[in-house]
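Q: A single structure is presented below for examination.
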Amino acid sequence: MTQLPISADLVAEHNAKSREALADDYAALGRTLERRGIAIDSIKEKVKGFGVAVPSWGAGRGGTRFAKFPIAGEPTNIHEKLEDCAVIHQLGCATPAVSPHFPWDCVEDYAALKDEAAAYGLVFDAVNSNTFQDQPGQAQTYATGSLSSTVEATRQQAIEHNIDCIEIGKKIGSTRLTVWVGDGTNFPGQQDLGRSFDRYIDAASQVYSALPDNWKMMLEHKMFEPAFYSSVISDWGSSLMAAQSLGDKCKCLVDLGHHAPNVNIEQIVARLHHAGKLGGFHFNDSKYGDDDLDSGSINPHQLFLVFNELIEAEHNPRDGFDPSYMIDQSHNVTDPIESMLSSSETIAGCYARALLVDRDALHAAQNDNDVMLAFRTLRAAYQTDVTPILAQARDEQGGAIDWLGAYRASQYRDRKGQERKAVGLGAGIV
Ligand code: PSV
Ligand code: MN
């Protein structure tokens, strides 16, 4: 029996209030889609099968380098984070996996941690290594780089940490390692741009050698921050070159916030897929840089276009196409549970809308160079309000039709504020 952090009776009572209205909305949308030759139930079933992992680190309040404003009852360890992730999945039914970060989520007994997640109906997705921060007691500093460091002992330490993450991952049932390094420079001339990339490839391939056969290693690129002149794995080109030299099990991970402003991210998706190297996503949104804002809160159209490419990729699969989807956000001003419920709904919604694209009509218009018809075909899907499909899918899976209302009615955060040690009210002023 799955352990539910929020009373199933409370969710059922809450759902009963809006079920009639939902039935009307679902039936109306069903008739609209039927006229377009789409069976609404088939989209709903696909939505039920869709999942995006939540980041363990996203369960706590984020912050900026100026301040963090904690809230009472936010999680302070992986056990509390798992409980919050269980709430997100219970109400939203779209986030069955958790992506952990090490050493942030280190525990003594990983087999027990896997069981703890399973009791909530959760599994672990990609494990994330951390060689962008120094940890207490660490022998070598990452101040001037990790996998690309000029110091051999530092590279070795970073390699060993990544291999430790693989070992932990095996114990918790993960089959993916995500590697993001903050390596780079702040000054022209600080490091040799070519040789630092060579050192990175050499060190990353030693991590790759420790990868079990059924695992994937995902390289996450990022243009800037913490390095502001050059980053070693700055863009999809560097990521692709590295993934190609490492081997088949190495893929590229696209974090939506890690690009130059106005870059056509959906085209990057298409290119990486062409190369058979599309490994996964970190979903978030941004206005200025790597803002880690809630997915689709700023540019929902871009998110839809990314999903449009993913559906195209599904129709035209390359060897080993099996991308993993994760959220990677920093919740600085909201309750992280509410943000991740909202984001997972937005992400699943973009997936559903991409499924509604009349692909035959789109491809025909593209082949005929009928620009307006191609554009309007895509736009027709984007403009469809799929919220009744998402709500119906949640209701049928025991989730909440109105997740925000149900969550707030449960007073979960207030209760955790009494039980947990995290305090709010300006405790984070630095
Ligand atoms: C770096 O900005 C990043 O996107 C990487 O995925 C990290 O693992 C994560 O954020 C958390 O800092
Ligand atoms: Mn990321």
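The values are calculated or read from the model by the stated rules, or taken from the named source; none is laboratory data. All values derive from a computational prediction rather than experimental measurement. In this analysis, Cβ positions are derived from the backbone assuming ideal geometry, glycine residues included, and neighbour counts consider all displayed protein chains.
Q: Here is a list: 318, 353. Which entry is of a type in the set (D, E, K, R), buried (at least 21 other Cβ atoms within 10 Å of the Cβ) and more than 16 Å from ligand 1 (Cβ to nearest atom)?
A: 353
Q: For the list (1) in a helix (DSSP H, G or I); (2) of a type outside the set (A, V, I, L, M, F, W, C); (3) under 19 Å from residue 235 (Cα atoms); (4) within 16 Å of ligand 1 (Cβ to nearest atom), I need the number of the one condition that residue 288 fails.
A: Among (1) in a helix (DSSP H, G or I); (2) of a type outside the set (A, V, I, L, M, F, W, C); (3) under 19 Å from residue 235 (Cα atoms); (4) within 16 Å of ligand 1 (Cβ to nearest atom), residue 288 violates only (1).
Q: State whether one or more residues within the range 361-373 are among the small types (Gly, Ala, Ser), closer than 24 Å to residue 49 by Cβ and buried (at least 18 other Cβ atoms within 10 Å of the Cβ).
A: Scanning the range 361-373 turns up no residue that is among the small types (Gly, Ala, Ser), closer than 24 Å to residue 49 by Cβ and buried (at least 18 other Cβ atoms within 10 Å of the Cβ).
Q: Pairs needed: first member in the range 152-164, surrounded by fewer than 15 Cβ atoms within 10 Å (Cβ to Cβ); second member anywhere, outside any helix (DSSP H, G or I); C-beta distance under 8 Å; at least 6 residues apart or different chains.
A: Filtered contacts from the range 152-164: 153/139; 153/140.
Q: Restricting the search to the range 374-391, which residues are surrounded by fewer than 19 Cβ atoms within 10 Å (Cβ to Cβ), in contact with a helix residue (DSSP H, G or I) (Cβ under 6 Å, 6 or more places away or on another chain) and without any contact (Cβ under 8 Å) to a residue 60 or more places away in the chain?
A: Correct list: 374 only.
Q: Could you check the range 20-40 and list, in sequence order, the residues that are exposed (fewer than 15 other Cβ atoms within 10 Å of the Cβ) and either modelled with pLDDT under 95 or within 15 Å of residue 394 (Cβ to Cβ) (or both)?
A: 21, 23
Q: Among the residues of the range 173-230, write down those that are within 16 Å of ligand 2 (Cβ to nearest atom) and of a type in the set (A, V, I, L, M, F, W, C).
A: Within the range 173-230, 177, 179, 180, 181, 217, 218, 219, 223, 224, 227 qualify.
Q: Need pairs with beta-carbon distance below 8 Å; first residue at pLDDT below 95 and within the range 245-270, second within 16 Å of ligand 1 (Cβ to nearest atom) and among the hydroxyl-bearing types (Ser, Thr, Tyr); sequence gap 6+ or separate chains.
A: Every condition considered, the pairs that remain are 261/288.
Q: May I pose another question? Checking the structure you have, find out if any residue of the range 54-76 is away from ligand 1 (no atom under 16 Å from the Cβ) and not in a loop (DSSP other than H, G, I, E, B).
A: There is no residue in the range 54-76 that is away from ligand 1 (no atom under 16 Å from the Cβ) and not in a loop (DSSP other than H, G, I, E, B).
Q: Any residue in the range 284-308 that's in contact (Cβ under 8 Å) with a residue 60 or more places away in the chain and of a type in the set (Asp, Glu): show its pairings with residues that are surrounded by fewer than 22 Cβ atoms within 10 Å (Cβ to Cβ) and part of a helix (DSSP H, G or I) at Cβ separation under 9 Å, as long as the two are six or more apart or on different chains.
A: none
Q: What is the residue count in the range 251-267 for residues that are away from ligand 1 (no atom under 15 Å from the Cβ) and under 18 Å from the mean Cα position of the chain (by Cα)?
A: The number of residues fulfilling the criteria is 1.
Q: So, residue 274, is that one surrounded by fewer than 23 Cβ atoms within 10 Å (Cβ to Cβ), over 22 Å from residue 192 (Cα atoms), in contact (Cβ under 8 Å) with a residue 12 or more places away in the chain and more than 16 Å from ligand 2 (Cβ to nearest atom) or not?
A: yes
Q: Are any residues in the range 392-411 buried (at least 21 other Cβ atoms within 10 Å of the Cβ) and under 30 Å from residue 72 (Cβ atoms), and if so, which ones?
A: Answer for the range 392-411, where residues must be buried (at least 21 other Cβ atoms within 10 Å of the Cβ) and under 30 Å from residue 72 (Cβ atoms): 394, 399, 400, 401, 403, 406, 407.
Q: Of the residues 305, 310, which single one is farther than 22 Å from residue 216 by Cβ and either assigned to a helix (DSSP H, G or I) or within 16 Å of ligand 2 (Cβ to nearest atom) (or both)?
A: Exactly one residue qualifies, and that residue is 305.
Q: Within the range 246-268, which residues are within 25 Å of residue 207 (Cβ to Cβ), in a helix (DSSP H, G or I) and either charged (D, E, K, R) or within 16 Å of ligand 2 (Cβ to nearest atom) (or both)?
A: Matches in the range 246-268: 268 only.
Q: Can we say residue 231 is polar (S, T, N, Q), within 16 Å of ligand 1 (Cβ to nearest atom) and farther than 24 Å from residue 149 by Cβ?
A: no
Q: Further question: Can you name the number of the only condition in (1) of a type in the set (Asp, Glu); (2) outside any helix (DSSP H, G or I); (3) without any contact (Cβ under 8 Å) to a residue 24 or more places away in the chain that residue 360 fails?
A: Exception for residue 360: condition (2).
Q: Contact list please: Cβ distance under 9 Å, first residue in the range 108-134 and closer than 20 Å to residue 86 by Cα, second residue among the small types (Gly, Ala, Ser) and surrounded by fewer than 17 Cβ atoms within 10 Å (Cβ to Cβ), pairs at least six apart or on different chains.
A: 114/173; 117/173; 118/173; 123/173; 124/173
Q: Moving on to the next point. Among all residue pairs at least 6 apart or on different chains, which show Cβ distances below 9 Å where the first residue, located in the range 48-63, is over 11 Å from residue 76 (Cα atoms) and the second is surrounded by fewer than 23 Cβ atoms within 10 Å (Cβ to Cβ) and charged (D, E, K, R)?
A: 48/396; 58/292; 62/68; 62/292
Q: Related question: Could you tell me which of the residues 29, 10 is in contact (Cβ under 8 Å) with a residue 60 or more places away in the chain, closer than 30 Å to residue 100 by Cβ and more than 28 Å from the chain's Cα centre (by Cα)?
A: The match here is 10.
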